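Engineer: Pasting in a structure now, in structure tokens, and then I'll have a few things to ask.
The values are calculated or read from the model by the stated rules, or taken from the named source; none is laboratory data. This is a predicted model, so every value here is computed, not measured. FYI the Cβ positions are ideal-geometry reconstructions off the backbone, even for glycines, and counts take in every protein chain you see.
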């Protein structure tokens with residue numbers, strides 16, 4: 001598929017419709033193309049969808065980034081990876097999944113694990129890390145994650161070097 005339209009009018013229309021800033025898009029279409037994104041910015045500020053200090057340059061950059069991310073999400077089709085995949089699960093997410101599906105209590109895989117397993121030709125390795133998704137990148141959970149990740153990387157490096165170190 002072709003790249004998304006990143007012109008100001010296309011960005012303005014997308015944001016306008018996403019935020020439902022007015023009852024119809026005719027008010028946007030009535031403006032000259034060069035004024036549409038500024039109008040949407042003003043409307044978004046007026047409805048408290050974005051901070052008052054955001055200028056048109058920052059707004060345009062953010063809109064383009066969002067549109068690019070959505071395009072990438074919609075057009076990406078993952079394939080099976082031949083190497084080993086380690087899935088890091090938080091204690092909280094693993095516990096919630098086990099509680100919501102009683103047959104999984106104390107066992108893995110669950111729905112999340114099954115989704116990841118489809119992308120690996122090898123058995124999925126699961127590493128339970130402390131905390132929950134929202135706290136994973138904050139102390140003390142991020143330090144624990146870093147230590148676990150370092151051990152996994154060291155193990156992979158050792159596995160790759162082992163046949164050659166004789």
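Here is a yes/no grid of residues against (1) more than 30 Å from residue 121 (Cα to Cα); (2) assigned to a helix (DSSP H, G or I); (3) within 22 Å of the chain's Cα centre (by Cα):
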site: 27; (1), (2), (3): yes, yes, no
site: 36; (1), (2), (3): yes, yes, no
site: 64; (1), (2), (3): yes, yes, yes
site: 69; (1), (2), (3): no, yes, yes
site: 77; (1), (2), (3): no, no, yes
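Engineer: Still on this structure, please answer the following. Can you pull out every residue in the stretch 134-156 that is outside any helix (DSSP H, G or I) and either without any contact (Cβ under 8 Å) to a residue 40 or more places away in the chain or exposed (fewer than 14 other Cβ atoms within 10 Å of the Cβ) (or both)?
Structural biologist: Passing the criteria: 137, 138, 139, 140.
Engineer: I've got another one for you. From the list 104, 87, which residue is within 29 Å of residue 128 (Cα to Cα), at pLDDT below 90, surrounded by 13 or more Cβ atoms within 10 Å (Cβ to Cβ) and in contact with a strand residue (DSSP E or B) (Cβ under 8 Å, 6 or more places away or on another chain)?
Structural biologist: That would be 87, the only listed residue that is within 29 Å of residue 128 (Cα to Cα), at pLDDT below 90, surrounded by 13 or more Cβ atoms within 10 Å (Cβ to Cβ) and in contact with a strand residue (DSSP E or B) (Cβ under 8 Å, 6 or more places away or on another chain).
Engineer: If you check residue 129 against the conditions, is it surrounded by 10 or more Cβ atoms within 10 Å (Cβ to Cβ) and either modelled with pLDDT under 85 or out of contact with any strand residue (DSSP E or B) (no Cβ under 6 Å at 6 or more places or on another chain) (or both)?
Structural biologist: The answer is no for residue 129.
Engineer: Among the candidates 111, 10, single out the residue that is touching a helix residue (DSSP H, G or I) at 6+ places or on another chain (Cβ under 9 Å) and modelled with pLDDT under 90.
Structural biologist: Of 111, 10, the one residue that is touching a helix residue (DSSP H, G or I) at 6+ places or on another chain (Cβ under 9 Å) and modelled with pLDDT under 90 is 111.
Engineer: How do the pairs read when you match residues in the stretch 120-133 that are in contact (Cβ under 8 Å) with a residue 40 or more places away in the chain and on the phi > 0 side of the Ramachandran plot with residues anywhere that are surrounded by 13 or more Cβ atoms within 10 Å (Cβ to Cβ) and in a strand (DSSP E or B), using Cβ under 7 Å and keeping only pairs 6 or more apart or on different chains?
Structural biologist: Here the result reads 131/90, each pair linking the stretch 120-133 to a residue that is surrounded by 13 or more Cβ atoms within 10 Å (Cβ to Cβ) and in a strand (DSSP E or B).
Engineer: Would you pick out the residues in the stretch 133-166 that are modelled with pLDDT under 85 and either under 15 Å from residue 90 (Cβ atoms) or within 20 Å of the chain's Cα centre (by Cα) (or both)?
Structural biologist: Selection gives 133, 134.
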